[in-house]
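**Student:** I'd like to ask some things about the structure below.
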Amino acid sequence: MTTQPKPATATIAAQQAALKQSLPFADTQDFEDATRGLLGRREPNAIRDADGTVVWDNDTYDFLQGDAPDTANPSLWRQAQLNAIQGLFEVVPGIYQVRGFDLSNVTFIEGDDGVLVLDPLVTKETCAAALELYREHRGDRPVTGVLFTHPHVDHFGGVRGITTQEDVDSGRVPIIAPEHFTEHAASENVYAGTAMARRSAYMFGAALPRNPQGQVSTGLSQTVATGNITLMAPTLEITETGQTETVDGVRMVFQMVPGTEAPAEFIVYFPDHKALCSAEDATHTLHNLLTLRGALVRDAHAWTNYLTETIDLFGAEVEAVFASHHWPTWDNERVVTFLSEQRDLYAYLHDQTLRMLNQGYTGPEIAEEIQLPPVLENAWHARGYYGSVSHNVRAIYQRYMGFYDGNPAHLWQHPPVEQGKRYVKLAGGIDSIVENAQEAYDKGDFRWAAEILSHAVFAQPDHAAARDLLADTFEQLGYGAENGVWRNIYLSGTTELREGKFGTPTVSAAPDVISALTPEMLFDAIAIQIDGPRAWDERLTIDVVLTDVDARYRLRLANGALTYSAAPQQGDAEAVLTTTARALPTLATGALTAERLTRAGIEITGDASVLGRLAALLSPGDEDFSIVTP
């Protein structure tokens, strides 16, 4: 049964009031920058797909007016107000941004004959609407080039909303991306895609209502559009810092920044405009070093050094810096200060974490103790709206030291359900835990209440009092969170405890992403679905012949592991699949039946029953797996 949101407790209200006094809310520079250069808005800003379904509606954030209520952190509320500002804006003459149409921004750079599109949003519907707004105010210019700064979906997913495969294949519209872009774009959304998508639903607050008690922002932007994600392969890869390219008369100088916010990423400078696109390496928030949906830990040290290089390369003349999120910063002195403080932010967190871990502190201990210098603490763009000092410090610890903190008691702990049963017994029963948790809740110690109630719920998930109090506790933690992602995660936990699991509202691997997988990546995608224990005694071999690229692979299942090789093999495989590289993704997108594969143009010779034996061993991901309950 749905339970109505509770009001903020006196503890949370007092915390919000104290924060209002401690931060420079009188500084309105960000609001001036976020509205500077406005040319026009899309009104109403509800965007629909071909079936008429709304995939984006920025107007649902119209409630973000006035001072923050007690149910929202005032600093996050301020950031949400800024992120909700939508429209077409002039960055500098010749460079324009549409903001407030998706999780990210799309930028239009005017050339001699048309316009280059930089980072075309998450979906083709939102990017098409952004291009329409641009053309409404700047003329019906053709798209003459596309840039992907890095392989996260909010920077490429809308590409088919602004160009066609025919124009790309003909060379009329080059697609520029960093080296290894396609590999990372595909692998991130496939290998751990199901788990990432499920956790992203928490992270972005996909199932939360948009109101002062629910989702107000992600901190990076408002939320993610739910339309059609697309992808086109790059036609021009950037491989080194200093590489220059000119497309449609637009001169570009690239800086490679791999391993920062993405494993493949570039920053691009437009010298004729004295404007720098910092991608996601310098935005108006402390970014994630480990995104809470899950990813590889990012390198804070490399991030620091690359921003130093950015300042060295472009700092002498740059007059504007804009990113794929948030709003630009203008004037050379302000730009260099902004880039320098962003650089110092990652440097400080990295170096102080290393200093303290070498003194024996663990990740949670460092996260609890570390404080930013006053200048960074009071810089709005360094606040933890998307990343946080707390989880970034723990990510740095993880990067260097791994999951184990050195304490033997933590080396082989029980899993959550078994821990929960033992804690309940230790406490003298679940009612005792709930009683102690209620005392902690009443005192405003929500962190402890959440800790012990989680054990209770994992031990007895149907205990109504424990579930209800844990939901209330998560709710208060969400109300107090300055970090948009933390708020969404806490409130999503509240929602699932009160209403049941909401699954995965977002797509983890769109067809265009699957089709971009290399043969090796496709085989890996199948291999990670093998149910190892059930496959212990199974042996099978399949050859895959790709006629259009003159390649042959031997797939071998043994000892519960599916492996592959492109080297010549001795003996015949049990079955041979003959197809093309373009048709191969069929193997990863549905049932492995002979009938279905034949319809897709895959020729099968030999023992076709081997496909059924392989299919019987596959255990695909669960898009509704449990998070806050067992």
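**Student:** Is there a residue in the stretch 393-402 that is at pLDDT 95 or above, outside the structural domain of residue 219 (by TED's automatic domain parsing) and among the polar types (S, T, N, Q)?
**Tutor:** Going residue by residue through the stretch 393-402, those that are at pLDDT 95 or above are 393-402.
From the residues that got through so far, the ones that are outside the structural domain of residue 219 (by TED's automatic domain parsing) too are 393-402.
In the following step, the residues that additionally are among the polar types (S, T, N, Q) were identified as 398.
Yes: one or more hits.
**Student:** Checking the conditions here, which among 239, 194 is among the β-branched types (Val, Ile, Thr), surrounded by fewer than 23 Cβ atoms within 10 Å (Cβ to Cβ), at pLDDT below 95 and on the phi < 0 side of the Ramachandran plot?
**Tutor:** Working: 239 fails: at pLDDT below 95.
Exactly one of 239, 194 is among the β-branched types (Val, Ile, Thr), surrounded by fewer than 23 Cβ atoms within 10 Å (Cβ to Cβ), at pLDDT below 95 and on the phi < 0 side of the Ramachandran plot, namely 194.
**Student:** Applying the selection to the stretch 480-489, what residues are over 14 Å from residue 12 (Cβ atoms) and either outside any helix (DSSP H, G or I) or assigned by TED's automatic domain parsing to the domain that holds residue 205 (or both)?
**Tutor:** 483
**Student:** One residue is enough: does the stretch 573-582 have a residue meeting the conditions surrounded by 14 or more Cβ atoms within 10 Å (Cβ to Cβ), among the charged types (D, E, K, R) and in contact with a Gly (Cβ under 9 Å, 6 or more places away or on another chain)?
**Tutor:** Initially, the stretch 573-582 is screened for residues surrounded by 14 or more Cβ atoms within 10 Å (Cβ to Cβ), giving 573-579, 581.
Cutting the leftovers down to among the charged types (D, E, K, R) gives us 574.
The next check asks that each one be in contact with a Gly (Cβ under 9 Å, 6 or more places away or on another chain); those that pass are 574.
Yes, because at least one residue in the stretch 573-582 is surrounded by 14 or more Cβ atoms within 10 Å (Cβ to Cβ), among the charged types (D, E, K, R) and in contact with a Gly (Cβ under 9 Å, 6 or more places away or on another chain).
**Student:** Separate question: When only residues in the stretch 261-289 that are touching a residue at least 60 places away in the same chain (Cβ under 8 Å) and of a type in the set (Phe, Trp, Tyr) count, which is surrounded by the most Cβ atoms within 10 Å (Cβ to Cβ)?
**Tutor:** The selected residue is 266.
**Student:** Sticking with this structure for a sec: Scan the stretch 225-244 and tell me whether some residue there is closer than 30 Å to residue 354 by Cα and within 20 Å of the chain's Cα centre (by Cα).
**Tutor:** No, that holds for no residue.
**Student:** Answer yes or no: is there a residue in the stretch 298-306 that is in the same structural domain as residue 194 (by TED's automatic domain parsing), in a helix (DSSP H, G or I), polar (S, T, N, Q) and surrounded by fewer than 24 Cβ atoms within 10 Å (Cβ to Cβ). Break it down into steps so the answer makes sense when it comes.
**Tutor:** Within the stretch 298-306, the subset in the same structural domain as residue 194 (by TED's automatic domain parsing) is 298-306.
From the residues that got through so far, the ones that are in a helix (DSSP H, G or I) too are 300-306.
Remaining after also requiring polar (S, T, N, Q): 304-305.
After this cut, where a residue has to be surrounded by fewer than 24 Cβ atoms within 10 Å (Cβ to Cβ) as well, the list is 304-305.
The answer is yes; a qualifying residue exists.
**Student:** Within the stretch 509-541, can you find the residues that are outside any helix (DSSP H, G or I) and buried (at least 21 other Cβ atoms within 10 Å of the Cβ)? Give the steps one after another, and end with the answer.
**Tutor:** Of the stretch 509-541, the ones outside any helix (DSSP H, G or I) are 509-510, 516-518, 528-531, 536-541.
Correct list: 509, 516, 517.
**Student:** Return the pair list, or none, for Cβ contacts closer than 6 Å from residues in the stretch 443-456 that are on the phi > 0 side of the Ramachandran plot to residues that are assigned to a helix (DSSP H, G or I) and surrounded by 15 or more Cβ atoms within 10 Å (Cβ to Cβ), at least 6 apart or on different chains.
**Tutor:** Once the first residue is on the phi > 0 side of the Ramachandran plot and sits in the stretch 443-456, its partners that are assigned to a helix (DSSP H, G or I) and surrounded by 15 or more Cβ atoms within 10 Å (Cβ to Cβ) give 444/11.
**Student:** Let me ask something else about it. Here is a list: 251, 293. Which entry is among the basic types (Lys, Arg), farther than 17 Å from residue 311 by Cα and touching a helix residue (DSSP H, G or I) at 6+ places or on another chain (Cβ under 6 Å)? Talk me through it step by step, then tell me what you get.
**Tutor:** On the way: 251 fails: touching a helix residue (DSSP H, G or I) at 6+ places or on another chain (Cβ under 6 Å).
That would be 293, the only listed residue that is among the basic types (Lys, Arg), farther than 17 Å from residue 311 by Cα and touching a helix residue (DSSP H, G or I) at 6+ places or on another chain (Cβ under 6 Å).
**Student:** Return the total of residues in the stretch 365-399 being in contact (Cβ under 8 Å) with a residue 40 or more places away in the chain, surrounded by fewer than 18 Cβ atoms within 10 Å (Cβ to Cβ) and more than 21 Å from residue 302 (Cα to Cα).
**Tutor:** 1
**Student:** Yes or no: residue 255 out of contact with any His (no Cβ under 7 Å at 6 or more places or on another chain), buried (at least 23 other Cβ atoms within 10 Å of the Cβ), in a loop (DSSP other than H, G, I, E, B) and modelled with pLDDT of 95 or more? Lay out the reasoning, then the answer.
**Tutor:** Numbers: out of contact with any His (no Cβ under 7 Å at 6 or more places or on another chain): yes; buried (at least 23 other Cβ atoms within 10 Å of the Cβ): yes; in a loop (DSSP other than H, G, I, E, B): no; modelled with pLDDT of 95 or more: yes.
Here the answer is no, as residue 255 does not meet what is asked.
**Student:** Moving to a separate point now. If I go through the stretch 16-28 residue by residue, how many of them are within 15 Å of residue 383 (Cβ to Cβ) and without any contact (Cβ under 8 Å) to a residue 12 or more places away in the chain?
**Tutor:** Matching residues across the stretch 16-28 total 1.
**Student:** To continue, here is another question. Among the numbered criteria (1) surrounded by 12 or more Cβ atoms within 10 Å (Cβ to Cβ); (2) over 34 Å from the mean Cα position of the chain (by Cα), which single criterion is violated by residue 564?
**Tutor:** Every condition holds for residue 564 apart from (2).
**Student:** Against the definition (modelled with pLDDT of 95 or more, in a helix (DSSP H, G or I) and either of a type in the set (Gly, Ala, Ser) or out of contact with any strand residue (DSSP E or B) (no Cβ under 6 Å at 6 or more places or on another chain) (or both)), how does residue 18 come out, yes or no? Lay out the reasoning, then the answer.
**Tutor:** Details: modelled with pLDDT of 95 or more: yes; in a helix (DSSP H, G or I): yes; either of a type in the set (Gly, Ala, Ser) or out of contact with any strand residue (DSSP E or B) (no Cβ under 6 Å at 6 or more places or on another chain) (or both): yes.
So residue 18 passes the test.
**Student:** Now for a separate question. Out of all the residues in the stretch 138-161, which are in contact with a strand residue (DSSP E or B) (Cβ under 8 Å, 6 or more places away or on another chain), part of a loop (DSSP other than H, G, I, E, B) and surrounded by fewer than 24 Cβ atoms within 10 Å (Cβ to Cβ)?
**Tutor:** Listed by number, the residues that qualify are 141, 142.
**Student:** Has the stretch 279-294 got any residue that is in contact with a Pro (Cβ under 8 Å, 6 or more places away or on another chain) and within 30 Å of residue 483 (Cα to Cα)?
**Tutor:** No: zero hits.
**Student:** Another question about this same structure. I need every pair where a residue in the stretch 39-60 that is at pLDDT 95 or above has its Cβ under 9 Å from the Cβ of a residue that is among the basic types (Lys, Arg) and outside any loop (DSSP other than H, G, I, E, B), sequence separation at least 6 or different chains.
**Tutor:** Qualifying pairs under 9 Å: 39/138; 49/124; 54/48; 55/48; 56/48.
**Student:** Pick out the one residue from 145, 171 that is in the same structural domain as residue 280 (by TED's automatic domain parsing) and touching a Leu at 6+ places or on another chain (Cβ under 7 Å). Give the steps one after another, and end with the answer.
**Tutor:** Working: 171 fails: touching a Leu at 6+ places or on another chain (Cβ under 7 Å).
Unique residue meeting the criteria: 145.
The values are calculated or read from the model by the stated rules, or taken from the named source; none is laboratory data. These numbers come from a predicted model, not from an experiment. Heads up, the Cβs are rebuilt from the backbone with ideal geometry, glycines too, and the neighbour counts pull from every protein chain shown.
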